[in-house]
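First comes the structure, then the notes that go with it.
The values are calculated or read from the model by the stated rules, or taken from the named source; none is laboratory data. Please read these numbers as outputs of a predicted model, since none were measured by experiment. Don't worry about glycine lacking a Cβ; one is built from the backbone with ideal geometry, like all the others, and counts go over all protein chains shown.
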Amino acid sequence: MKADPIGVATGNHFIDGDHACGEGAIAAGCRFLAGYPITPSTEVAERIAERFPKVGGMFIQMEDEIASMAAIIGAAWGGPKVMTVTSGPGFSLMMENIGLAVMLETPCVVVNVQRGGPSTGLPPLTAQADMMQARWGSHGDYEIIALCPNSPQECFDLTITAFNLAETWRVPVMFMMDECVGHMTEKVVIPEADQIEIVPRNFYKGKKEDYRPFNFSGSGEIAPMIKAGEGYNIHITGLTHDERGYPALDAEAQDKNVRHLVDKILKNEEKIRLLEEDQIDDAEVIVISYGITSRVSQKAVQDARAAGIKVGTIRLIVVWPFPEKLIRKLASKVKAFIVPEINLGQISLEVERYAAGKAITIHVPHAGGWVHDPNDILKAIKKGVK
Amino acid sequence: MDIRFSGFGGQGIIKSGMLIGKAASLFDNKFATLTQSFGPEARGGACSAQVVIDENAVLYPYIIAPEILVSMSQEAYEKFIGDPVKGSIVLTDTDLVKPKKIRKDIKMYSIPATRIAEEMGNRIFANVVMVGFFTAITNVVSLEAMKKALPGSVPERFLATNIEALEKGYEYGKNLTKK
C-alpha cells in the first residue's frame, strides 16, 4: 500500500534527524503520539505536535513516560498506528509497559534518541549505550526489533521501515537514534507519497465469534487485529494467555506463549535483516558498526584501505534481531572483527559471542559525549590484521 | 570546508549556519552537515554553529579546526580564535570584536554588520548581513543559492528585508576584496 499523501511533506528539506523522524512517522501513517519532553528527543514530538492537526492525528503530552507508553498501547488497540518518543531516563520508565506491548503483541514504535547515561547522565550529548536495554530492558523472555539510523535522511526513511516492521510482526520496534544524528541537520529528500511503501494494519475480516487475537500455532502466522469498540468480545492481558487472550497460568501455556514471542522474531531474522556490507569478500578484518559510529568509522576504513589493508565493513541497520548466522559464517573467514560503539561494550559482546573464538573481536569503546576519533578505529584495524 | 559561526545566543548564529548549510546542500548540490552547541552556553554566552560543506558525503560530523571562523562577539572570538588552521579565513563584526590577539597566519576580514543592520532599521538582520559578507569573501556558497535559502527560513513578511541585508553584506565584501 502507498502512503497517504496528506501526511507526506514531499520536497527537499534541510532539517535535523529529530524533525526527519517526525516526518517519517507521519508519512508512515502514525496518527497517535503520546510522550513527555526530554532532551535530545523533544524536537520529534514538537514536529509532530505542530503537524498532527493538519493530518487528523492526536498528540497527548502525558504526565510521564510510564503513562506515555501505556497510552500508545491503548491507542493502538483502537486502530491507529502509534508512537512514543523519549531518551534514556524516559526509556527506563517505559520498560514495564514495553513488556506489556510485547506480551499483547501491540504494533508500536518507541523512539529513543540516545544520550549519555546512566541516570540523567549527559542530556545534550550523544551515546549508544541503551542498546542492551532496548533488547531486554523489561523482564521476562522476549525479542523486539531495533533499528539505528546514521543520518537525518535515514531518520525519515527508517522511521517508515520501523512502522512497517511493527505492523508486520505485531511487535514494539525500538528506533534507536543517538543525539548526534538527532541534532545533526542535513538534506532530507521526502519523496512523493506514491513512492513510499506502507504496511497497513492487518485487520480481521471474519466472523466475530471466531476471532482469536493471538496465534500460537507455530505456523509463523501473525494473528490479525481488531479495533476495540467494534463489538468484539475479547480479552487481552499481560498475564500468560491462550490464543483467545484469556489467562492460562501453567507451564504448557507459558511455553506456547513465550516461544511464540521469541520465535516470530528470531526465526525470521533473515527476513527482518537490514544491513550494508562493503568489500567483505576478500576482507581480512571487518568493521561492524551502527548509527553515527558507522559514519565516523568509514573515515578510518578509507585510511586503512589507502594503506593497503583489506578491510570490509558491515553496517547494522537492524541491530535486533542480531544477524547471528552472518557473523558465525564470516568468523571463519576473517582474522578479526572491529567493533567501535559509543558504549563500553554491548554489541561487541554479541559479535564476540557469535565469532565463538574463530576470529578475534576488538572492541573500540567510547563512554559517550562525543563520537570516536577515527584514528582510534584505524589503530584497531591495524591491530586486527597483525 | 569546515566552518564555524560564533557569537552570543540571540544573534541568529545557529540560523546563519542553517542558511549556509541549506544553500550549499539544497541549491548548490553539495553535501552539508550542520551541528550546533546545545546547553547553557547557548543562552547569552558564546554560542556556535558548525557547518561542514563537501563535494562528497560528510562522514565526520563535528569540527575540530575550522578553515573559516566567523565571530560576532568578543567572547566568541577569544574562545575560538585559537582553533582555525593556518591559512584560514576569519570574519568579524568590526564594532563587536576588537582583536587583542592577532594571528598572522590567517586572513582577517571585518564588516560592521550590526551597524549596517541598525541602519536598515533593526539589528536583528545583522546575522544575514554577515552571511552575505561570508558569501562574498569565501565563495563557499553562491549568492543565488543563499537567496534561495531565505524563503521558509525567515518570516515571510521580512523576506524582502533579509534579501536586502544579504545583498548589503555581499556588496560590502565584494568592495573590500576589489581594493
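Just need a number here: residues in the range A:354-367 that are away from chain B (no Cβ under 14 Å) and under 23 Å from the mean Cα position of the chain (by Cα).
5
If the condition is being under 12 Å from the mean Cα position of the chain (by Cα) and either farther than 16 Å from B:F5 by Cβ or surrounded by fewer than 20 Cβ atoms within 10 Å (Cβ to Cβ) (or both), then the range B:111-135 contributes no residue at all. For the range B:66-78, the candidate set comprises residues that are touching a Gly at 6+ places or on another chain (Cβ under 8 Å) and part of a loop (DSSP other than H, G, I, E, B); within that set, the residue that is nearest to the other protein chains (Cβ to nearest Cβ) is B:E67.
Check whether at least one residue in the range A:67-90 is on the phi > 0 side of the Ramachandran plot, touching a residue at least 24 places away in the same chain (Cβ under 8 Å) and more than 14 Å from chain B (Cβ to nearest Cβ), and report yes or no. Don't jump to the end; show me each part of the working.
First, the residues of the range A:67-90 that are on the phi > 0 side of the Ramachandran plot: A:79.
Still in the list and also touching a residue at least 24 places away in the same chain (Cβ under 8 Å): A:79.
Filter once more, so that each one left must be more than 14 Å from chain B (Cβ to nearest Cβ): A:79.
The answer is yes, given that some residue of the range A:67-90 is on the phi > 0 side of the Ramachandran plot, touching a residue at least 24 places away in the same chain (Cβ under 8 Å) and more than 14 Å from chain B (Cβ to nearest Cβ).
Residue by residue through the range B:154-179, note down the ones that are assigned to a helix (DSSP H, G or I) and of a type in the set (A, V, I, L, M, F, W, C). Step through it out loud before you land on a result.
Applying the first criterion (assigned to a helix (DSSP H, G or I)) to the range B:154-179 yields B:156-178.
Result: B:F158, B:L159, B:A160, B:I163, B:A165, B:L166, B:L176.
Any residue that is more than 26 Å from the chain's Cα centre (by Cα) and among the polar types (S, T, N, Q) - is there at least one of those in the range A:257-273? Lay out the reasoning, then the answer.
In the first step, residues of the range A:257-273 are kept if they are more than 26 Å from the chain's Cα centre (by Cα); the result is none.
No: the range A:257-273 contains no residue that is more than 26 Å from the chain's Cα centre (by Cα) and among the polar types (S, T, N, Q).
Does A:V181 qualify as being away from chain B (no Cβ under 14 Å), in contact (Cβ under 8 Å) with a residue 12 or more places away in the chain and touching a helix residue (DSSP H, G or I) at 6+ places or on another chain (Cβ under 6 Å)? Taking the combined requirement at face value, the residue does not satisfy it. Criterion first (closer than 24 Å to A:F216 by Cα, free of Cβ contacts under 8 Å to residues at least 60 places away in the same chain and not aromatic (F, W, Y)) does A:E96 satisfy it? Against the criterion (closer than 24 Å to A:F216 by Cα, free of Cβ contacts under 8 Å to residues at least 60 places away in the same chain and not aromatic (F, W, Y)), A:E96 qualifies.
Please determine whether any residue of the range A:83-93 is surrounded by fewer than 20 Cβ atoms within 10 Å (Cβ to Cβ) and of a type outside the set (S, T, N, Q).
The first filter runs over the range A:83-93 and keeps only residues surrounded by fewer than 20 Cβ atoms within 10 Å (Cβ to Cβ), leaving A:89, A:92-93.
Applying the additional criterion that residues be of a type outside the set (S, T, N, Q) yields A:89, A:93.
Yes; the residues of the range A:83-93 include at least one that is surrounded by fewer than 20 Cβ atoms within 10 Å (Cβ to Cβ) and of a type outside the set (S, T, N, Q).
Evaluate the range A:190-210: report whether one residue or more is within 14 Å of another protein chain (Cβ to nearest Cβ) and either more than 24 Å from the chain's Cα centre (by Cα) or at pLDDT 95 or above (or both). Yes; the residues of the range A:190-210 include at least one that is within 14 Å of another protein chain (Cβ to nearest Cβ) and either more than 24 Å from the chain's Cα centre (by Cα) or at pLDDT 95 or above (or both). Pairs meeting the criteria (first residue in the range A:42-55 and within 11 Å of A:H19 (Cβ to Cβ) and in the same structural domain as A:F91 (by TED's automatic domain parsing), second residue aliphatic (A, V, I, L, M) and assigned to a helix (DSSP H, G or I), beta carbons under 6 Å, at least 6 apart or on different chains) are A:R51/A:I26.
Of a type in the set (S, T, N, Q), under 30 Å from A:A248 (Cα atoms) and in contact with a Gly (Cβ under 6 Å, 6 or more places away or on another chain): does that describe A:S68? Talk me through it step by step, then tell me what you get.
Working: of a type in the set (S, T, N, Q): yes; under 30 Å from A:A248 (Cα atoms): yes; in contact with a Gly (Cβ under 6 Å, 6 or more places away or on another chain): yes.
So A:S68 passes the test.
Given B:G152, B:G132, which one is within 16 Å of B:G12 (Cα to Cα), of a type outside the set (D, E, K, R) and touching a Gly at 6+ places or on another chain (Cβ under 7 Å)? Reasoning before the result, please.
Working: B:G152 fails: touching a Gly at 6+ places or on another chain (Cβ under 7 Å).
Going through B:G152, B:G132 in turn, the sole match is B:G132.
Against the list (1) assigned to a helix (DSSP H, G or I); (2) under 27 Å from A:D263 (Cβ atoms), the condition A:T106 fails is (1). Residue-level analysis places A:W169 outside the set of residues that are out of contact with any Ser or Thr (no Cβ under 8 Å at 6 or more places or on another chain) and free of Cβ contacts under 8 Å to residues at least 24 places away in the same chain.
Only strands (runs of 3 or more DSSP E) whose full extent lies in the range A:1-66 are considered here, and the ones with at least 1 residues that are within 14 Å of another protein chain (Cβ to nearest Cβ), in contact with a strand residue (DSSP E or B) (Cβ under 8 Å, 6 or more places away or on another chain) and among the charged types (D, E, K, R) are A:11-16. Applying the criterion of at least 2 residues that are surrounded by fewer than 22 Cβ atoms within 10 Å (Cβ to Cβ) and more than 14 Å from the chain's Cα centre (by Cα) to the strands (runs of 3 or more DSSP E) found wholly in the range A:120-187 leaves A:122-126. Going through the range A:278-329 one residue at a time, which ones are of a type in the set (G, A, S), touching a helix residue (DSSP H, G or I) at 6+ places or on another chain (Cβ under 8 Å) and within 13 Å of chain B (Cβ to nearest Cβ)? Across the range A:278-329, the qualifying residues are A:S289, A:G291, A:S297, A:A300. Take the conditions (1) touching a residue at least 12 places away in the same chain (Cβ under 8 Å); (2) more than 13 Å from chain A (Cβ to nearest Cβ); (3) among the hydrophobic types (A, V, I, L, M, F, W, C); B:I63 misses just one of them, which is (2).
Residue-level check: of (1) more than 9 Å from chain A (Cβ to nearest Cβ); (2) part of a strand (DSSP E or B); (3) among the polar types (S, T, N, Q), B:T35 misses just (1).
So, in the range A:136-168, exactly how many residues are under 21 Å from A:I292 (Cβ atoms) and touching a Pro at 6+ places or on another chain (Cβ under 9 Å)?
Of the residues in the range A:136-168, 7 are under 21 Å from A:I292 (Cβ atoms) and touching a Pro at 6+ places or on another chain (Cβ under 9 Å).
Taken together, A:S289, A:S348 contain a single residue that is among the hydroxyl-bearing types (S, T, Y), over 16 Å from B:L59 (Cα atoms) and at pLDDT 95 or above, which is A:S348.
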